[in-house]
Amino acid sequence: MKRTAFLRMGLLLTVGLQAALSQGPLNQAPAGFTALFNGKDLSGWRGRQPDYDPRAEAALSKDDLAAKQAQWNAARDLHWKVDAAKGELVSDGQSPHLVTVKDYGDFELYVDWLMVNHNGDSGIYLRGYPQVQIWDPDNPREVQNGAPKGSGALWNDNDNNPGKWPLVKADKPVGEWNTFRIKMIGSRAWVWFNGQATVDGQVLDNYFNRSAPIVPAGCIGLQTHGSEIRFRNIYVREIPPAEAKATLDKIGH
């Protein structure tokens, strides 16, 4: 299957999923998906130090990890909250990041996000690595970093990786809800942003060690980066090995 056909199929699936979600209850996963956020509390989520190498975390002793996790969770409770009246997960923009307790290998993720104020910044970490970028395209302080190109790409990738910049600019105005559909298979990522393809199966670089591959399984994370961001409808589907192989085979990888 050619890339254009794969993206077209992904777009159809995204539109279908969005339609199903818009008609369903808030924070209740559609068939085949699991809700990562219940709209009521932080069950299933832990704090995590920003930009912490997943391999370094895996190398910690059980006691050292437990001590760090206690600190991270204490910080989590200071900077993350649930707006239960609206069914929204809220970051005040300060550390730590909020990540899943469970690790994921190949997966499909659906998440809605809202930038509350102009000049905001956030992102979705994949297996603990940065990131599917979220920022305000009109932020004058980020023009030199490429913000006018829009959100929805792998901004922390190498400059020569075509996945670093979104294929299209699909951001809605600040104050409106946006939607990511993200697929991760092996080291490759696909992103559909508000129903438009922004990343086409590009490799997610190992931000912490460019010469090493990313870990085969890790946490899914919500970044904090200085501004209030809200999340809802966070759903995941684990992709079985046969489907993962078939997907890579179809695009010739």
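The values are calculated or read from the model by the stated rules, or taken from the named source; none is laboratory data. Predicted model only: the values in this text are computed from it and were never measured. Neighbour counts are summed over all protein chains in view; Cβ atoms, including those assigned to glycine, are modelled from backbone coordinates with ideal geometry.
General remarks:
- Qualifying residue in the stretch 67-77 (condition: in contact with a helix residue (DSSP H, G or I) (Cβ under 7 Å, 6 or more places away or on another chain) and under 17 Å from G218 (Cα atoms)): no
- In this entry, D77 is excluded by the filter for residues that are of a type in the set (D, E) and either within 25 Å of K183 (Cα to Cα) or at pLDDT below 95 (or both).
- Matching residues in the stretch 215-253 - criterion: being under 16 Å from Y110 (Cβ atoms) and of a type in the set (G, A, S): G221
- Residue under evaluation E176, criteria (1) more than 30 Å from P216 (Cα to Cα); (2) touching a helix residue (DSSP H, G or I) at 6+ places or on another chain (Cβ under 6 Å); (3) acidic (D, E), criterion not met: (2)
- When the stretch 162-174 is filtered for residues that are more than 20 Å from Q202 (Cα to Cα) and surrounded by 20 or more Cβ atoms within 10 Å (Cβ to Cβ), only D171 remains.
Matching residues to (1) within 24 Å of E238 (Cβ to Cβ); (2) without any contact (Cβ under 8 Å) to a residue 12 or more places away in the chain; (3) surrounded by fewer than 20 Cβ atoms within 10 Å (Cβ to Cβ):
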site: V132; (1), (2), (3): yes, no, no
site: D138; (1), (2), (3): no, no, yes
site: I182; (1), (2), (3): yes, no, no
site: S187; (1), (2), (3): yes, no, yes
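- Filter result (assigned to a loop (DSSP other than H, G, I, E, B), under 20 Å from R237 (Cα atoms) and either in contact with a Lys or Arg (Cβ under 6 Å, 6 or more places away or on another chain) or not polar (S, T, N, Q) (or both)) within the stretch 28-43: A29, P30, A31, G32, F33, L36, F37, G39, L42
- Residues that are in contact with a Pro (Cβ under 6 Å, 6 or more places away or on another chain) and small (G, A, S) within the stretch 57-110 comprise A75, S95, G105, listed in sequence order.
- Condition broken by V203, with the remaining ones in (1) crowded, with 19+ Cβ neighbours inside 10 Å; (2) among the β-branched types (V, I, T); (3) touching a Lys or Arg at 6+ places or on another chain (Cβ under 7 Å) satisfied: (1)
- Hits in the stretch 219-248 - residues which are at positive phi and small (G, A, S): G226
- Boolean, S151 is out of contact with any Gly (no Cβ under 8 Å at 6 or more places or on another chain), assigned to a loop (DSSP other than H, G, I, E, B), hydroxyl-bearing (S, T, Y) and modelled with pLDDT of 95 or more: yes
- Hey, N156 in a strand (DSSP E or B), under 15 Å from the mean Cα position of the chain (by Cα) and either free of Cβ contacts under 8 Å to residues at least 40 places away in the same chain or surrounded by fewer than 21 Cβ atoms within 10 Å (Cβ to Cβ) (or both) or not: no
- Checking each residue in the stretch 45-91 for being surrounded by fewer than 16 Cβ atoms within 10 Å (Cβ to Cβ) and of a type in the set (K, R) picks out R55, K62, K81, K86.
- The lone criterion from (1) buried (at least 20 other Cβ atoms within 10 Å of the Cβ); (2) out of contact with any His (no Cβ under 8 Å at 6 or more places or on another chain); (3) touching a residue at least 60 places away in the same chain (Cβ under 8 Å) left unmet by W177 is number (1).
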